[in-house]
Every structure is written in C-alpha cells, then in structure tokens.
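Read the structure below first, then the notes.
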C-alpha cells in the first residue's frame, strides 16, 4: 500500500490564482481530512469527509472547497489564493472506527502565495 | 472538545526515559486521549491512545491519572530519532469530532 499520497509536494502561486491539492489513499478508509499548518503552529482542520459524497467544514474552511466523489480521493480546491493561505497542507485518513482512531497522514504540500 | 495543555519544550538524554506530560482537566467521560508526533516537517505520526487504563505498545506507554485530568506519554529509551514535536489531543468516541492539535511539546533528545 502507498498509504496517503499528496501532490504536488511544493507549489508557488500568485495572488488570485487557483489550484487543486490532490490527496489519495489506497487503504479503503472512510474518513479523510485536510489540515493546514502555519510555521511554528499546530495543525488546524480545514475540511473533513466521512465518506464519498459527504463533506463538512472544520475550523478554518474559508477560502477552500472540497469534494469527495470516490472513497480514494479527497481534493482540496483553493480559489483566489491569498498570502494568508501560505502554509503546509496535510491530508489524512482513518478507517472510521469509533473515536478518532489512528489517522494516517500524507507527506504534505508546501504552498507559498506571493 | 476538551482542550489540552503541554509544556512547549523538553530535553531528554539519549537512552533515558522521556516523560511528556499533558493536562486535560475538562475531559469528559467518553473522550479518549491520543498522542501523535511530528518529526521535522513530516506528517504527524500516531503513537498511542487510551480511555481510562494505562496502555503500552511498541513505541510508548501512556499513563492516565485516575481522575483522567492528566496523562503522561513515556518513551522508555529515547533515541535521537525521537526528537520531534509531540501532540496530546482528546476526542470523543461518537463519530467524528473537530479537534485541533495545538502546539505540542518540542522534545529534544541530547546525545
């Protein structure tokens, strides 16, 4: 299993541009998450999904959109990129057992908006 | 969600036990305590979790106080590769809940 994969690893955007961060998992996990981590800070939840077709907002959803058309994929869309969105983005998944369960994280995408 | 409080940083000599404390005084009865760590800028890695009883796995031990208001993660023989930021988080057992990782404890293992 490849686990949780994220593309791209790095990206530089200009203000106002848009992009999609890709996340895929091959573990047949129901739950998937998107976090952002600003320098020196902990992770903040952007969006999460409990299964295909079901998504919900986390702590910091403004400026982002998500979709979950398949169990495997959970892309994060940035529209009209702003410097405040400069961060490292992590995708995670878990089987869907009771409680948080063990979340499996991807390697992250480092995004800079100039 | 219950909030957690951790010291910002700790040092530990290589080969010694590292004891990382966490306060979660507002934890409710159905909330678990989870520990993750983040090495350098990699994605966080799950370590261990527990509800009431002490837990042990191949990576660490988790000691939860009887009143469940605090816990301690123990790395029995710290190595240089254990240098990381350690996050203590709590979450309930019913479906998904919105949790934050906080800023964690930066553990520096010293040769």
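Numbers at a glance
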| item | result |
| --- | --- |
| Subset of the range B:57-74 (residues that are assigned to a strand (DSSP E or B) and surrounded by fewer than 22 Cβ atoms within 10 Å (Cβ to Cβ)) | B:61, B:63, B:64, B:70, B:72, B:74 |
| Search result, residues across the range A:21-33 that are surrounded by 13 or more Cβ atoms within 10 Å (Cβ to Cβ) and either over 17 Å from residue A:108 (Cβ atoms) or modelled with pLDDT of 95 or more (or both) | A:21, A:22, A:23, A:24, A:25, A:26, A:27, A:29, A:30, A:31 |
| Any hit, the range B:46-57, residues being without any contact (Cβ under 8 Å) to a residue 24 or more places away in the chain, more than 14 Å from chain A (Cβ to nearest Cβ) and out of contact with any strand residue (DSSP E or B) (no Cβ under 9 Å at 6 or more places or on another chain) | no |
| Matching residues, the range A:1-18, being farther than 28 Å from residue B:105 by Cβ and crowded, with 16+ Cβ neighbours inside 10 Å | A:11, A:13 |
| Subset of the range A:67-90 that is within 14 Å of residue A:36 (Cα to Cα) and assigned to a strand (DSSP E or B) - its residue that is nearest to the other protein chains (Cβ to nearest Cβ) | A:90 |
| Breaking point among (1) within 14 Å of chain B (Cβ to nearest Cβ); (2) buried (at least 21 other Cβ atoms within 10 Å of the Cβ); (3) modelled with pLDDT of 95 or more, for residue A:110 | (2) |
| Tally, over the range B:13-44, of residues that are under 30 Å from residue A:110 (Cα atoms), in contact with a strand residue (DSSP E or B) (Cβ under 6 Å, 6 or more places away or on another chain) and surrounded by fewer than 16 Cβ atoms within 10 Å (Cβ to Cβ) | 1 |
| Subset of the range A:91-101 that is modelled with pLDDT under 95, closer than 21 Å to residue A:5 by Cβ and in contact with a strand residue (DSSP E or B) (Cβ under 7 Å, 6 or more places away or on another chain) - its residue that is farthest from the other protein chains (Cβ to nearest Cβ) | A:93 |
| Within the range A:24-41, tally of residues that are more than 15 Å from residue A:63 (Cβ to Cβ), assigned to a strand (DSSP E or B) and away from every other protein chain (no Cβ under 11 Å) | 2 |
| Residue match in the range A:40-57 (condition: in contact (Cβ under 8 Å) with a residue 60 or more places away in the chain, surrounded by fewer than 20 Cβ atoms within 10 Å (Cβ to Cβ) and either within 11 Å of the chain's Cα centre (by Cα) or under 22 Å from residue B:89 (Cβ atoms) (or both)) | no |
| Residue satisfying condition, being more than 15 Å from residue A:21 (Cα to Cα) and touching a strand residue (DSSP E or B) at 6+ places or on another chain (Cβ under 6 Å), within set A:60, A:88 | A:60 |
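The values are calculated or read from the model by the stated rules, or taken from the named source; none is laboratory data. No experiment lies behind these values; they were computed from the predicted model shown. FYI the Cβ positions are ideal-geometry reconstructions off the backbone, even for glycines, and counts take in every protein chain you see.
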